[in-house]
Amino acid sequence: MKRKLRILAFLIVVLPSVLWAFPADDVIPLPNRDYLPAVRKAIQNAKKSLHIFMFAARYYPQYKDDPNSLLLQDIIDAHKRGVEVIVILDASGWNVSNTVYNKRFGDSLRSAGVPVYYDPIDVTSHDKLIIIDGYITFVGSHNWSYFALARNNEASVMIKSKEVAEFFEQHFQDVLRLSTKDVPKEILE
């Protein structure tokens, strides 16, 4: 009887985690400065799609070789070579400064023809998510600001898995359906 109870307890504890796990070909931890080179390489190698969902994305036009300018150019280059690029940025009534910076980043992309959307203003989208070619997913704590990319302690992962990419793609599409092409003017006034 004790043996059956132990087996049952084991199954109750272990089975749910196995049932909800996604298979992955690789999971690569990207702490701190490991993130930027991995993201840049993946964007540069994107063939079909590049979907980006960021809470904070910065563009510093006075600097040409900073991490943000390099990412911005990589995204524009992907778009120019025919990759389907879609970017969603946070727009929020309570954090106007972040919205203004995101709009500057978004405007830079949009001027190059990249589709940019802003999430609903009544919801804060704290996502830091990139989905590439329906297979590679980056998720973690890295915002696209100078400090997050060059100075802060941050932790993200790159996951190579069709199933994980599909899961996050559904999330991306759900938010995209509610997003708008412009930041509401009342936020910026």
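Laboratory data are not the source of any read-out in this text; all were calculated from the coordinates shown. Owing to the predicted nature of the structure, the values given are computational and were not obtained by experimental measurement. Positions of Cβ are generated from backbone atoms using ideal geometry, with glycine treated the same way; all protein chains shown enter the neighbour counts.
So here's what we get for this one:
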| read-out | value |
| --- | --- |
| Mean separation of Cα contacts under 8 Å, 6 or more apart, over the residue count of the range 25-89: relative contact order % | 41 |
| Total charge dipole magnitude, the chain, about the Cα centre, Cβ charges on Lys, Arg, Asp, Glu only, Debye to nearest 20 | 660 |
| DSSP-assigned coil residues among trypsin sites (Lys or Arg not before Pro) in the range 27-64, each with at most 14 further Cβ atoms within 10 Å | 47, 48, 64 |
| ³J(HN,Hα) computed for each position of the range 47-54 - Karplus, 6.51 cos²θ - 1.76 cosθ + 1.60, integer Hz, glycine/proline x | 10, 10, 9, 9, 10, 10, 9, 10 |
| Sequence-distant residues sharing a close amide H with residue 141 (under 5 Å, placed H) | 155, 156 |
| Violating pairs (Cα-Cα greater than 30 angstrom) within the set 80/162; 4/162; 2/160; 48/185; 48/103; 64/162 | 4/162; 2/160; 48/185; 64/162 |
| Cα-based shape type of the range 86-135, given that a ≥ b ≥ c are square roots of the gyration tensor eigenvalues and the cut on a/c is 1.5 | oblate |
| Ascending count of other beta-carbon atoms within 10 Å, so fewest first, for 99, 137, 124, 180 | 180, 124, 99, 137 |
| Length-normalised contact order for the range 30-187 - Cα pairs under 8 Å, 6+ apart - percent | 30 |
| Choice from 21, 42, 155 with maximal GNM fluctuation in the chain (Cα, 10 Å cutoff) | 21 |
| The chain shape via C-alpha gyration tensor axes, a/c threshold 1.5 | prolate |
| Cα gyration tensor shape of the range 105-189, rounded if a/c is under 1.5, else prolate or oblate by comparing a/b with b/c | oblate |
| Percentage relative contact order, the range 52-140, counting C-alpha pairs under 8 Å, at least six apart | 35 |
| Whole-Hz couplings from phi, Karplus 6.51/-1.76/1.60, listed for the range 114-124; x for Gly and Pro | 7, x, 10, 10, 10, 5, x, 5, 8, 10, 8 |
| Table column - 3J(HN,Hα) (Hz), the range 74-83, Karplus curve with 6.51, -1.76, 1.60, x for Gly and Pro | 4, 5, 4, 4, 4, 4, 5, 8, x, 6 |
